[in-house]
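Below is one structure, written out as structure tokens; the observations come after it.
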Amino acid sequence: MKIRFYGPLAEAIGREVELPGEPGGTLGDVRRRLIASHPAAAEALARPAVRACLDDEVVGDDAVVPEGAELAFLPPLSGG
Amino acid sequence: VIASACLAEDAFDPAGELAAFTAHAAGAGAVVSFVGLARHRTRAGVEVTGLFLDHHPRLTQSSLEEITQAAVQRFGLIAARVVHRCGAIAPGEPIVFVAAAAAHRRTAFEAADAMMDRLKTDAVFWKREDAVDGSRWIEPSDQDRADRARWSDA
């Protein structure tokens, strides 16, 4: 599965990461696997303010990842 | 179109935006607009070389539309417009333009203020400030959150 990143996370990890899919996994599982595979970005990824996003909807880490879903992690916003 | 929002990938002309907006705000007694510019100095006074505004391919545009439409509804506006830059922005360049047209001035002032407060915390952007002493990603300040909370019954 593909996971996209924005802002400071994209700078630390890259715009997109490919992880082998795990059936029945949650966004929290994905977050933990990313933290393990990207130790340099572990602190940034672990922040609760970094919201998980499933098919363009912000969801909790308990959301289950459906097959073919588009995942993203969104750092705190800063516009204007 | 009474509520319109534009994500601008290149420099835009706020004066042209205001002229076009005013020309289409039929029946309005008041138009208030605001232009936000990229600062030349960081909060600590260090020279800024540029800003980079990262955005999401879909959520950014929809957040701008939602903020504009919500202002029209809440304040009963005749029209509202938001233009927000993304990408690389030089110091002094416009980043954001908001305009509100209403029957009376108080409503137009409040609506423009409310749209800006919401843009600071709810618009889907990530802003990096590049200064001569290094780069840093900006997050909403406590003041930004307090400003946003003024409109939280929206």
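The values are calculated or read from the model by the stated rules, or taken from the named source; none is laboratory data. What you see is a predicted model, and the numbers here were worked out from it, not measured in a lab. We place every Cβ from the backbone using ideal geometry, glycine too, and count neighbours over all the protein chains shown. We work out accessible area using only protein heavy atoms, side chains counted, and drop any ligands, DNA or RNA first. Shrake-Rupley method; radii C 1.70, N 1.55, O 1.52, S 1.80 Å.
Meeting the requirement of 2 or more residues that are open to solvent by less than 60 Å² (accessible area, probe 1.4 Å), the strands (runs of 3 or more DSSP E) wholly within chain A are A:2-5, A:51-54, A:71-74. If only residues of region B:70-105 that are without any contact (Cβ under 8 Å) to a residue 60 or more places away in the chain and either open to solvent by 30 Å² or more (accessible area, probe 1.4 Å) or in a helix (DSSP H, G or I) (or both) are counted, the one that is nearest to the other protein chains (Cβ to nearest Cβ) is B:ALA88. Taken over region B:99-134, the residue count meeting the criterion of being of a type in the set (Phe, Trp, Tyr) and more than 15 Å from B:PHE75 (Cα to Cα) is 2.
Among residues of region B:131-154 that are away from chain A (no Cβ under 12 Å), those with a Cβ under 9 angstrom from a residue that is surrounded by fewer than 16 Cβ atoms within 10 Å (Cβ to Cβ) and of a type in the set (A, V, I, L, M), sequence gap 6+ or separate chain, pair up as B:ALA131/B:ALA44; B:ALA131/B:VAL46; B:VAL132/B:VAL46; B:ASP133/B:ALA44; B:ASP133/B:VAL46; B:GLY134/B:VAL46.
Of the residues making up region B:115-138, those that are in a helix (DSSP H, G or I) and open to solvent by 10 Å² or more (accessible area, probe 1.4 Å) number 6. Within region B:97-140, the set of residues being among the β-branched types (Val, Ile, Thr) and within 20 Å of B:ALA23 (Cα to Cα) comprises B:VAL98, B:THR107. Taking region B:37-56 on its own, how many of its residues are in a loop (DSSP other than H, G, I, E, B) and of a type in the set (S, T, N, Q)? Adding up the residues that qualify gives 1.
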